[in-house]
1. In region 21-80, how many are of a type in the set (Asp, Glu), closer than 19 Å to ALA115 by Cβ and over 15 Å from the mean Cα position of the chain (by Cα)?
2. If a residue counts only when it is near the ligand (Cβ under 8 Å from one of its atoms), which helices (runs of 4 or more DSSP H) contained entirely in region 21-137 have at least 2 such residues?
3. Report, by residue number, each residue of region 138-152 that is free of Cβ contacts under 8 Å to residues at least 12 places away in the same chain and farther than 24 Å from ARG86 by Cβ.
Amino acid sequence: MIDLDIRPIRSDDVAEVARLDGENLSAWAIDHFSRAVSSPHGWHLLARAAPDGTLLAFICGQILDDEAEIHKVAVRKTCRRQQIGRRLIRHALAYLHGLGARTCFLELRATNLAALNLYRSSGFQRCGLRKKYYTSPLEDAIIMQGAIGEEQQAAGATPTA
Ligand SMILES: CC(C)(COP(=O)(O)OP(=O)(O)OC[C@H]1O[C@@H](n2cnc3c(N)ncnc32)[C@H](O)[C@@H]1OP(=O)(O)O)[C@@H](O)C(=O)NCCC(=O)NCCS
């Protein structure tokens with residue numbers, strides 16, 4: 001299994017993160033990532049391969065009081081199905097628990113089976129549907145919610161934003 005070095009995204013990582021995101025539907029522009037990284041309510045982590053430093057994945061969202069959101073998670077296309085997404089989400093939930101979050105919401109394209117399975121197996125449950133929410137292509141959004149409990153904290157991530 002690849003060793004992961006997971007830490008918050010810094011402003012000098014943003015261009016590289018945006019390039020990785022460019023592999024996916026609904027990719028964000030660099031400016032969008034810059035705003036997310038500097039937002040007072042934003043949280044954001046990346047995973048690099050240890051020890052060579054290759055960017056493998058990132059995850060970002062926002063947190064308000066005890067409620068967090070995941071806005072994006074992506075794993076480098078050539079490195080998928082190696083449990084990187086699952087490990088990053090597990091780490092992120094522990095990190096969010098350390099920041100005080102106790103519940104987490106997210107939305108995803110209704111046809112995104114990979115993400116749906118990943119989130120389900122990470123403890124999220126469907127709690128709503130937004131019709132025709134996504135464009136290019138037009139698609140419904142599934143809304144999911146997950147509890148963030150002590151077991152996530154036990155996964156061992158320390159907030160170092
Ligand atoms: C969704 C995504 C992050 C998954 O990352 P990953 O590192 O490949 O996922 P993992 O290897 O950790 O897989 C964990 C579980 O997710 C599910 N999964 C992952 N890829 C899958 C696929 N292609 N088809 C079906 N299920 C899949 C499986 O349940 C898997 O568990 P298993 O390996 O025990 O079967 C990745 O496919 C990705 O970056 N997609 C593009 C961006 C995206 O859609 N992000 C989510 C919406 S914001």
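1. Of the residues in region 21-80, 1 are of a type in the set (Asp, Glu), closer than 19 Å to ALA115 by Cβ and over 15 Å from the mean Cα position of the chain (by Cα).
2. Answer list for region 21-137: 84-98, 113-121.
3. Matches in region 138-152: LEU138 only.
Results for (1) closer than 19 Å to HIS91 by Cα; (2) loosely packed, with under 14 Cβ neighbours inside 10 Å; (3) not basic (Lys, Arg), shown as yes or no for each residue.
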| position | (1), (2), (3) |
| --- | --- |
| VAL14 | no, no, yes |
| VAL17 | yes, no, yes |
| GLY22 | no, yes, yes |
| ASP31 | no, yes, yes |
| ARG48 | yes, no, no |
| PHE58 | yes, no, yes |
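Residues are listed down the side, and each one gets a yes or a no for (1) buried (at least 24 other Cβ atoms within 10 Å of the Cβ); (2) of a type in the set (D, E, K, R):
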residue: GLN62; (1), (2): no, no
residue: ASP66; (1), (2): no, yes
residue: THR78; (1), (2): no, no
residue: HIS91; (1), (2): no, no
residue: TYR95; (1), (2): yes, no
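Computed from the coordinates by the stated procedures, all read-outs in this text should not be read as laboratory data. Predicted model, so just to flag it, every value in this text is computed and none were measured. Counting neighbours? That spans all protein chains shown, and the Cβs are built from the backbone with ideal geometry, glycine included.
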